[in-house]
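Beneath this line is the structure, given in structure tokens, with notes to follow.
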Amino acid sequence: MISEERAWEIAKKIHSLAEIGSKEFESSKLLVQALKEEGFEVVQGYAGIPTAFRAEKKIDKGARVAFLAEYDALPLVGHACGHNIIAASALLSAIKTVQRANKGSVVVIGTPDEEGSGEWAGSKIIMAEKNCFEDIDFVLMTHPGTEWSVGSPSLAVQDFEVTFHGVAAHEAATPEKGVSALDAAILTYTAVNMLRQHVRRDANVVIHGVIREGGVASNVTPDKAVLVYGLRSSDTEYLKELIRKFKRIVEGCSIATGASYTITPIGPMYTTTVFNEPLMAFAEQVLKQLGVDVVPYTETTKRIPRGSTDFANVSQIVPSLEITCKIAPQGTPWHSRDSEKAAVSDEAKKALSIVSEALARIATRLLTDERFAQEVKSAFKSR
């Protein structure tokens with residue numbers, strides 16, 4: 001059996017590889033090899049995604065519990081989101097569960113590019129759309145942070161690239177012949193800023209954008225301009241309404257300036273997380289038994305969401321749980337050099353040990369306690 005020390009070495013190796021999303025070839029290979037050593041049957045390139053995999057070990061008849069592994073790093077700052085810990089915890093939790101459960105099946109699914117860096121951004125959503133979770137009864141995972149908790153809310157998000165095309169002209173000699181794509185972009189940027197004043201306050205709307213391209217010479221009318229936007233909300237249906245308004249703004253600015261445009265979604269839409277109270281309550285109980293100070297889920301689930309994750313899309317279709325494990329002090333900025341260092345700290349090593357034990361206990365109960373498993377499923381169906 002792969003030991004906690006070996007799992008920690010794998011976490012450190014993935015950290016040093018720091019492969020960005022959709023290019024995690026060595027990190028994926030490292031996890032696959034370890035799972036094969038433990039007798040898991042592995043499918044690589046799962047769901048047509050080159051760095052994804054699905055590993056399964058059947059114990060006996062019964063339910064399937066899946067642990068999700070993320071292993072993509074961020075550009076420039078490496079594993080500043082601690083996905084190396086997520087990967088190692090999925091591996092270790094699965095192995096511990098196999099050793100303890102007397103029925104059911106244990107699955108590890110390698111889910112690339114959660115950060116949205118490459119071609120397979122939001123791979124969990126792609127997998128969900130391809131029915132990859134259809135035979136999974138429960139999904140478990142962890143995510144590093146600055147506290148121990150369960151029930152972190154998330155924002156639905158959709159990113160877009162907007163490209164305006166105009167007509168180049170000499171800005172002094174023949175300005176009347178030009179159509180400025182930059183004018184269209186600036187008008188759009190201003191109009192979207194105006195939209196912020198007229199959104200639902202309870203929907204936790206976040207709109208962020210940049211003008212990525214706007215011309216190359218001041219005396220030439222810019223014939224191309226590119227904006228990149230992210231639109232988020234804690235209400236998925238309201239986000240769809242915001243997207244419609246955003247698209248009308250782009251269309252209006254195109255008409256006003258005479259520039260043509262294209263709008264291209266960047267990756268799939270991330271939804272909001274569905275909470276499962278029986279799972280959260282038991283997870284909280286287990287973490288307390290393991291001696292950690294847990295923030296009550298009755299508090300965390302009511303917080304203003306501050307980020308987005310493709311785990312949320314999985315939670316919409318399968319009873320799911322994500323535990324936040326503490327690897328850094330409160331106040332540590334995430335996606336920073338400080339959080340990148342924290343992902344290989346002594347505290348991260350301790351957190352890996354604790355959270356893998358907690359997830360294994362939860363998974364074992366789901367596979368062996370039919371009454372509890374049914375309670376979890378009932379809570380999901382009646383939400």
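The values are calculated or read from the model by the stated rules, or taken from the named source; none is laboratory data. The model shown is predicted, which means the values in this text are computed figures rather than measured ones. All Cβ positions, glycine included, derive from the backbone under ideal geometry; neighbour counts span all protein chains shown.
Only one of these is closer than 18 Å to Ser356 by Cβ, in the same structural domain as Phe138 (by TED's automatic domain parsing), within 21 Å of the chain's Cα centre (by Cα) and acidic (Asp, Glu): Glu70, Glu38, Glu24. Name it. So that I can check it myself, show each step before the final result.
Working: Glu38 fails: within 21 Å of the chain's Cα centre (by Cα); Glu24 fails: closer than 18 Å to Ser356 by Cβ.
Just one listed residue meets the conditions, Glu70.
Please go through the stretch 172-201 and give me each residue that is β-branched (Val, Ile, Thr) and either buried (at least 19 other Cβ atoms within 10 Å of the Cβ) or in contact with a Cys (Cβ under 6 Å, 6 or more places away or on another chain) (or both), ordered by number.
Going residue by residue through the stretch 172-201, those that are β-branched (Val, Ile, Thr) are 174, 179, 186, 188, 190, 192, 199.
If the condition is that a residue be β-branched (Val, Ile, Thr) and either buried (at least 19 other Cβ atoms within 10 Å of the Cβ) or in contact with a Cys (Cβ under 6 Å, 6 or more places away or on another chain) (or both), then Val179, Thr188, Val192 are the ones that fit.
Looking at the stretch 266-280, is at least one residue under 22 Å from Thr309 (Cβ atoms), touching a Phe, Trp or Tyr at 6+ places or on another chain (Cβ under 7 Å), at pLDDT 95 or above and hydrophobic (A, V, I, L, M, F, W, C)?
yes
List pairs: first residue in the stretch 104-128 and within 17 Å of His335 (Cβ to Cβ), second residue crowded, with 24+ Cβ neighbours inside 10 Å and of a type in the set (S, T, N, Q) anywhere in the structure, Cβ distance under 6 angstrom, at least six positions apart or on different chains.
Partner pairs satisfying both residue conditions: Asp113/Ser123.
Within the stretch 14-52, take every residue that is charged (D, E, K, R) and without any contact (Cβ under 8 Å) to a residue 24 or more places away in the chain and give me the one that is farthest from Lys349 (Cα to Cα). Before the answer, list the steps.
Of the residues in the stretch 14-52, the ones charged (D, E, K, R) are 19, 23-24, 26, 29, 36-38, 41.
With without any contact (Cβ under 8 Å) to a residue 24 or more places away in the chain added as a condition, the list becomes 26, 29, 36, 41.
On the way: Glu26: 21, Lys29: 22, Lys36: 23, Glu41: 28 Å.
Per the criteria, the residue is Glu41.
Looking at Ala373, is it outside any helix (DSSP H, G or I), buried (at least 16 other Cβ atoms within 10 Å of the Cβ) and of a type in the set (Gly, Ala, Ser)? Give the steps one after another, and end with the answer.
Values: outside any helix (DSSP H, G or I): no; buried (at least 16 other Cβ atoms within 10 Å of the Cβ): yes; of a type in the set (Gly, Ala, Ser): yes.
Spelling it out, it is not the case that Ala373 is outside any helix (DSSP H, G or I), buried (at least 16 other Cβ atoms within 10 Å of the Cβ) and of a type in the set (Gly, Ala, Ser).
Please determine, by comparing only the residues of the stretch 202-244 that are crowded, with 17+ Cβ neighbours inside 10 Å and basic (Lys, Arg), which one is nearest to the chain's Cα centre (by Cα).
Arg232
Which condition number in (1) of a type outside the set (S, T, N, Q); (2) touching a helix residue (DSSP H, G or I) at 6+ places or on another chain (Cβ under 7 Å); (3) closer than 21 Å to Ile304 by Cβ; (4) not in a strand (DSSP E or B) is the one that Glu241 fails?
(2)
May I ask you to verify whether Ser93 is within 29 Å of Thr298 (Cα to Cα), touching a residue at least 12 places away in the same chain (Cβ under 8 Å), in a helix (DSSP H, G or I) and not aromatic (Phe, Trp, Tyr)? Break it down stepwise before answering.
Values: within 29 Å of Thr298 (Cα to Cα): yes; touching a residue at least 12 places away in the same chain (Cβ under 8 Å): yes; in a helix (DSSP H, G or I): yes; not aromatic (Phe, Trp, Tyr): yes.
So Ser93 fits the description; yes.
Go through (1) within 29 Å of Trp120 (Cα to Cα); (2) not in a loop (DSSP other than H, G, I, E, B) and name the single condition Pro305 misses.
(2)
Scan the stretch 275-302 residue by residue and report those that are in contact with a strand residue (DSSP E or B) (Cβ under 7 Å, 6 or more places away or on another chain) and not in a helix (DSSP H, G or I).
We begin by selecting, within the stretch 275-302, every residue in contact with a strand residue (DSSP E or B) (Cβ under 7 Å, 6 or more places away or on another chain); these are 276, 279-280, 283-284, 287-288, 292-295, 297, 300.
Within the stretch 275-302, Asn276, Val292, Asp293, Val294, Val295 meet the criteria.
Could you list all residues from the stretch 253-281 that are touching a helix residue (DSSP H, G or I) at 6+ places or on another chain (Cβ under 7 Å) and either farther than 30 Å from Ile126 by Cα or of a type in the set (Lys, Arg) (or both)?
Those that are touching a helix residue (DSSP H, G or I) at 6+ places or on another chain (Cβ under 7 Å) and either farther than 30 Å from Ile126 by Cα or of a type in the set (Lys, Arg) (or both): Cys253, Ser254, Ala256, Thr257, Ala259, Ser260.
Restricted to the stretch 245-273, and to residues that are loosely packed, with under 15 Cβ neighbours inside 10 Å and among the β-branched types (Val, Ile, Thr), which residue is farthest from Ile207 (Cα to Cα)?
Of everything passing the filter in the stretch 245-273, Ile255 is farthest from Ile207 (Cα to Cα).
Which residues, taken from the stretch 45-90, are buried (at least 24 other Cβ atoms within 10 Å of the Cβ) and more than 20 Å from Lys23 (Cβ to Cβ)?
If the condition is that a residue be buried (at least 24 other Cβ atoms within 10 Å of the Cβ) and more than 20 Å from Lys23 (Cβ to Cβ), then Ala55, Val65, Ala66, Phe67, Ser89 are the ones that fit.
Would you check which residues across the stretch 136-195 are assigned by TED's automatic domain parsing to the domain that holds Ser315 and among the aromatic types (Phe, Trp, Tyr) and list them?
Residues satisfying the conditions are Phe138, Trp148.
Does Val228 meet the test of being within 20 Å of Ser154 (Cα to Cα), β-branched (Val, Ile, Thr) and at pLDDT 95 or above? Step through it out loud before you land on a result.
On the way: within 20 Å of Ser154 (Cα to Cα): no; β-branched (Val, Ile, Thr): yes; at pLDDT 95 or above: yes.
Here the answer is no, as Val228 does not meet what is asked.
Do the conditions hold for Ala55, that is, is it under 21 Å from the mean Cα position of the chain (by Cα), touching a residue at least 24 places away in the same chain (Cβ under 8 Å) and in a strand (DSSP E or B)?
Yes.
In the stretch 1-44, which residue that is among the β-branched types (Val, Ile, Thr) and under 25 Å from Ala343 (Cα atoms) is surrounded by the most Cβ atoms within 10 Å (Cβ to Cβ)? Even if it seems obvious, please write down each step before you answer.
Initially, the stretch 1-44 is screened for residues among the β-branched types (Val, Ile, Thr), giving 2, 10, 14, 20, 32, 42-43.
Okay, now just the ones that are also under 25 Å from Ala343 (Cα atoms), so 2, 10, 14, 20, 32.
Numbers: Ile2: 18, Ile10: 23, Ile14: 29, Ile20: 17, Val32: 19.
Only one residue fits best here, namely Ile14.
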